[in-house]
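The values are calculated or read from the model by the stated rules, or taken from the named source; none is laboratory data. All values reported here derive from a predicted model rather than from experimental measurement. Cβ coordinates were reconstructed from backbone atoms using ideal geometry, including for glycine residues, and neighbour counts include every protein chain displayed. Note: accessible area is taken over every heavy atom of the protein model, side chains too, but ligands, DNA and RNA are not part of it. Shrake-Rupley method; radii C 1.70, N 1.55, O 1.52, S 1.80 Å.
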2 protein chains.
Amino acid sequence: MPCGKHFTGRLARSTVPGVKILLIGASGLIGTAVHKTFLDRGHDVLTVGRTSGDLRFDLTDPEQVGALYAAASPVDAVASAAGDVPFKPLADLTADDFRAGFAGKVLSQVELVRQGLPHVSGSFTLITGVLAREPIVAGSVASLANGAVESFVKAAAIEIAPRRINAVSPTVVTEALDAYGDFFPGMPPVDLADVTQAYVRSVEGPLTGQVFIP
Amino acid sequence: MPCGKHFTGRLARSTVPGVKILLIGASGLIGTAVHKTFLDRGHDVLTVGRTSGDLRFDLTDPEQVGALYAAASPVDAVASAAGDVPFKPLADLTADDFRAGFAGKVLSQVELVRQGLPHVSGSFTLITGVLAREPIVAGSVASLANGAVESFVKAAAIEIAPRRINAVSPTVVTEALDAYGDFFPGMPPVDLADVTQAYVRSVEGPLTGQVFIP
């Protein structure tokens, strides 16, 4: 910006040309907000979900990740706001619960990157969360999954350049406090608007290998 | 220690009574050194390995984790120095490689904790590594596995008290530089003696939910 001017707010529209973005999990609370923000900034968004969206695939199945790219390739960016993990006390979890969390939030996002390399020219933005670093009771599978994805993002970044990859790692969002606030006593929530800005930063900015904590 | 005295070296023997420790992966470079250190400090060590050790089990199979505890229960502490992951460039990896890394270093150690709750009174010490935070080329499965275990350790700690759980997260060890040094250019190695002290700290000290970086 010109000397003497100060950046005083969020840019309503992107300063980069609109890009084609695959958005996974666009029907969730975060995905819906990210979808609107990307559209507002002039991007073309193809939504992907198991039971809703422009393209219907279950990305916990690596074969369906391949089918997604066969249907959508090429794209500029992939943004994921989807990941399912079981929440149970550690003593009640089974080995299959940990396998389900791995398939539902780790392998699903890893496969988006690994299989996306021939189809994606710009960036990958994956979703993790605060439980990677600050646990809650009954959240050990979520912690494990988030930690896995965050370390994977750092590792993948050094192998996929000039493509980029980042994680967005929010705490509980303000708009979900009614449902989930009791699990996060005293932990400051984050507004959805700040979470969406982290996605914007990842897709439009220059950084890679980062974990953005909005 | 008395006022005016300074701690000038490592205690050769434990100041806590000898405890019964299950040591997983006792035949590896780190496991061998940890084994000797535990014995020197007066502990009773039961070694566990797939093809060597006092007890022979393949802990990538959750059923064999149960069989291990059926054979060895009760124990005071579990220390793991074992974890296998494939090393390949990201573009050469398959979904099955990521599943193998999950089974080989994540679920195997998670099951030691989860299934160990009725059998272990003291502490769990799991192994991770520097790749959780500082990647190398062809190490994305290792990064993912290490990040998963480190976040799991933080989460499990709040649910298993008064039992404790920590991770030991070494970089390349000095004694392995001939074999692996080329993968860690310019990264300072750590001596095996310092890695073993991190295991001692985890087993004999009071901390929990920690990632010890020796």
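Summary of computed values
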item	result
Unit charges on C-beta of K, R, D, E only; dipole of chain A, Debye	720
Cα gyration tensor shape for the range A:20-212, rounded if a/c is under 1.5, else prolate or oblate	prolate
Per-copy distances of the residue A:207 label point, shortest first, in nm (7 angstrom along Cα→Cβ)	2.7
Per-residue mean of C-beta atoms belonging to partner chains within 10 Å, peptide B:54-66	1
Nearest-0.05 FRET efficiency for residue A:117 and residue A:50, computed from C-beta distance (R0 25 Å)	0.60
Fully extended contour minus Cα-Cα distance, from residue A:180 to residue A:161, at 0.36 nm per residue	3.1 nm
DSSP H segments from chain B that extend 15 Å or more along their own axis, Cα-based, with Kyte-Doolittle mean of 0.5 or above	B:29-40, B:140-160
Test item: A:103-109 mean partner chain Cβ contacts at 10 Å	2
Shortest-first nm distances, residue A:96 label point to equivalent points in other copies (7 Å, Cα→Cβ)	2.3
Listed residues B:165, B:149, B:91: farthest to the positive end of the dipole of chain B (Cβ charges)	B:165
Fraction of accessible area attributable to carbon and sulfur, the range A:15-109 (%, probe 1.4 Å)	53
Solvent exposure ordering (accessible area, 1.4 Å, most first) of A:199, A:180	A:180, A:199
Proximal lysines to residue A:20, defined as alpha-carbon separation beneath 19 angstrom and excluding residues fewer than eight positions away on the same chain	A:36
Nm distances between copies for residue A:52, ranked from closest, using label points 7 Å along Cα→Cβ	5.7
